[in-house]
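The values are calculated or read from the model by the stated rules, or taken from the named source; none is laboratory data. Here the structure is a predicted model, which means the values were calculated and not measured. Note that we place each Cβ from the backbone using ideal geometry, even for glycine, and neighbour counts take in every protein chain shown.
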Ligand code: MN
């Protein structure tokens, strides 16, 4: 398992854990992570090899390069994703084997009393509060549409043959529709960013329990990835866990 040590956060009351793993079946890890507190993001690349890996890493490099200061509004964060989209598209035009590459991208900016969110694709951001998990992002996938229409349950969606079909992604068309939002935060909250290699195998209840019981943010990220690997690890698995201090 490949792990990266948690970076020392700018704010000492924020604790970060990161784990990104190739899983047990894939030949490459096409997931990518950005941890530059207060900015956190995950990306899950798609396309043939190595295009998916290029797309996810390039998109996050673009975001990082743009961060002369942290975005102050969700609109600023969305603009960063739109610029990343143009950067991935421009790169894809330079090599035939990169044509059509794309990536999911889910990003947070953690502010003192809220988090900003910008999101496209089927990676997810969750809020863990008091042991309960709340999904802050809507998956842009075919099966998620069916769940929203009441035609599938979340459990059925995880097993559906077309579960990997995205309805939106970054990097394969000039205009993208990025979801944005902000969500209030309280002391003791945790935020979890993850790719479908995790959420395809663990229910929200299992993610909540695993993350809540872990003694640290890093342990939480590692245990989530271990749990997905224990179920076969068919995809790359990435989890970023950010814990806010100050809980009583
Ligand atoms: Mn994936």
*For residue 187, are the conditions met, namely being surrounded by fewer than 23 Cβ atoms within 10 Å (Cβ to Cβ), away from the ligand (no atom under 14 Å from the Cβ) and closer than 19 Å to residue 62 by Cα?*
no
*asked:* If I ask for residues that are crowded, with 23+ Cβ neighbours inside 10 Å, within 16 Å of the ligand (Cβ to nearest atom) and over 12 Å from the mean Cα position of the chain (by Cα), which ones from segment 97-140 would you list?
replied: 101, 102
*Filter segment 40-53 for residues that are closer than 17 Å to residue 173 by Cβ and either outside any loop (DSSP other than H, G, I, E, B) or away from the ligand (no atom under 16 Å from the Cβ) (or both) and give the result.*
43, 45, 46, 51, 52
*Scan (1) buried (at least 16 other Cβ atoms within 10 Å of the Cβ); (2) more than 14 Å from the ligand (Cβ to nearest atom); (3) at pLDDT below 95 for the single condition residue 245 breaks and write down its number.*
(1)
*Just one of 175, 206, 222, 226 is over 18 Å from the mean Cα position of the chain (by Cα), modelled with pLDDT of 95 or more and more than 16 Å from the ligand (Cβ to nearest atom); which is it?*
175
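Starting from residues that are crowded, with 19+ Cβ neighbours inside 10 Å and more than 21 Å from residue 129 (Cα to Cα), keep the ones in segment 230-242 and report whichever is farthest from the chain's Cα centre (by Cα). Quick ask: steps written out before the conclusion?
Filtering segment 230-242 down to residues crowded, with 19+ Cβ neighbours inside 10 Å leaves 233, 235-242.
Next, from what is left, pick out any that are more than 21 Å from residue 129 (Cα to Cα): 233, 235-237.
Details: 233: 17, 235: 14, 236: 12, 237: 10 Å.
Within segment 230-242, the match that is farthest from the chain's Cα centre (by Cα) is 233.
Select, from 180, 199, 115, 137, the only residue that is in contact (Cβ under 8 Å) with a residue 12 or more places away in the chain, within 25 Å of residue 50 (Cβ to Cβ) and in contact with a strand residue (DSSP E or B) (Cβ under 7 Å, 6 or more places away or on another chain). Outline the logic, then answer.
Numbers: 180 fails: within 25 Å of residue 50 (Cβ to Cβ); 115 fails: within 25 Å of residue 50 (Cβ to Cβ); 137 fails: within 25 Å of residue 50 (Cβ to Cβ).
Of 180, 199, 115, 137, the one residue that is in contact (Cβ under 8 Å) with a residue 12 or more places away in the chain, within 25 Å of residue 50 (Cβ to Cβ) and in contact with a strand residue (DSSP E or B) (Cβ under 7 Å, 6 or more places away or on another chain) is 199.
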